[in-house]
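Report on the structure given below.
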Amino acid sequence: MTMTYDALIAALEEAPQQSDDTQLGSSWLLGFDTETTGVAAGRDAIVSATLVLRDPQRGHEGDAETEWVINPHRRMNPRASAVNGFTDDYLAEHGMEPTDAIDQIARAIAAAQEKNIPLLAYNAPFDVHMLEGDLNRWKLPQVSERTNQAPAASSLLVVDPLVIDRAVSKRHGKRTLTLTTEYYGVVPTGDFHNATADTVAAVDLIKPMSTLYPHGRASDLG
């Protein structure tokens, strides 16, 4: 279900406080994905982001999805634009101001961290570093500075399906999100390189992965 930012925050406030030993297959998750002007954190910027709050008992039916389209105030790299479909003109006309959008994203992630709800992203370092770069650019507090937890950004509770896949599958070849979802039998809900479709697909990987990693805890994968 698509939600406003305020509704997402309300859903996070209603979510249970999770213990440190919550098993991955039973954990609430906050999926995260971005589309960007390019691939250089600190130089490029987020143009689209999605957060998906997943209740493990309800699955897709209970998903709370919030998407942001952001005016980065910098030009799209043509190669990135060819992949994600965003253009400078579209972002200038339809994008939120980055100070508002990036701040909302960080606030929501911080609210989840306070509940021990992991941030889930496929190839998480990329999306986390892009967010950190935008927070620095606009002189906004980092996620870790918004919680009562440890101060280092690297201490965020993060689940990365790519890391899990490398641990449980010894197959050869590339491990893109597209190929990994095919391997685990996950059917995407939309086109890849759309932040919402990518986020939902990454969250959906946890169910089949947790059967191969049955005693894994979210806190093991940060």
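Would you pick out the residues in the range 125-150 that are more than 16 Å from Thr37 (Cα to Cα) and in contact (Cβ under 8 Å) with a residue 60 or more places away in the chain? Matches in the range 125-150: Asn136 only. With respect to the conditions (1) within 19 Å of the chain's Cα centre (by Cα); (2) closer than 16 Å to Met130 by Cβ, Ala11 lacks only one, and its number is (2).
Taking the range 72-115 as the range and being among the polar types (S, T, N, Q), over 19 Å from Asp33 (Cβ atoms) and within 19 Å of the chain's Cα centre (by Cα) as the test, only Thr99 passes.
Any idea which residue in the range 50-66 is surrounded by the most Cβ atoms within 10 Å (Cβ to Cβ), counting only those that are under 14 Å from Thr2 (Cβ atoms) and either modelled with pLDDT under 95 or of a type outside the set (Val, Ile, Thr) (or both)? Show your work before the answer.
Step one: filter the range 50-66 for residues under 14 Å from Thr2 (Cβ atoms), giving 50-53, 60-66.
Right, trim to either modelled with pLDDT under 95 or of a type outside the set (Val, Ile, Thr) (or both) and you get 51, 53, 60-65.
Working: Leu51: 27, Leu53: 24, His60: 13, Glu61: 8, Gly62: 13, Asp63: 20, Ala64: 21, Glu65: 18.
Checking each candidate, the answer is Leu51.
Only a single criterion out of (1) in contact with a helix residue (DSSP H, G or I) (Cβ under 6 Å, 6 or more places away or on another chain); (2) acidic (Asp, Glu); (3) under 17 Å from Glu132 (Cβ atoms) is not satisfied by Glu67, namely (3). Name the single residue, out of those in the range 6-24 being at pLDDT below 95 and surrounded by 18 or more Cβ atoms within 10 Å (Cβ to Cβ), that is nearest to Asn123 (Cα to Cα). Result: Leu24.
Only one of these is under 16 Å from Ile9 (Cα atoms), out of contact with any helix residue (DSSP H, G or I) (no Cβ under 6 Å at 6 or more places or on another chain) and not β-branched (Val, Ile, Thr): Gly62, Gly85. Name it. Spell out how you get there, then give the answer.
Details: Gly85 fails: under 16 Å from Ile9 (Cα atoms).
Among Gly62, Gly85, only Gly62 is under 16 Å from Ile9 (Cα atoms), out of contact with any helix residue (DSSP H, G or I) (no Cβ under 6 Å at 6 or more places or on another chain) and not β-branched (Val, Ile, Thr).
Scan the range 83-109 for residues that are at pLDDT below 95 and of a type outside the set (Val, Ile, Thr) and jot them down. Step through it out loud before you land on a result.
Here is the first cut: in the range 83-109, the ones at pLDDT below 95 are 83-85.
Correct list: Asn84, Gly85.
When the range 73-87 is filtered for residues that are free of Cβ contacts under 8 Å to residues at least 40 places away in the same chain and buried (at least 18 other Cβ atoms within 10 Å of the Cβ), the ones remaining, listed by number, are Met76, Ser81.
The values are calculated or read from the model by the stated rules, or taken from the named source; none is laboratory data. Values in this document were obtained by computation on a predicted structure and should not be read as measured data. For neighbour counting, all protein chains shown are included, and Cβ atoms are generated from backbone atoms with ideal geometry for every residue, glycine included.
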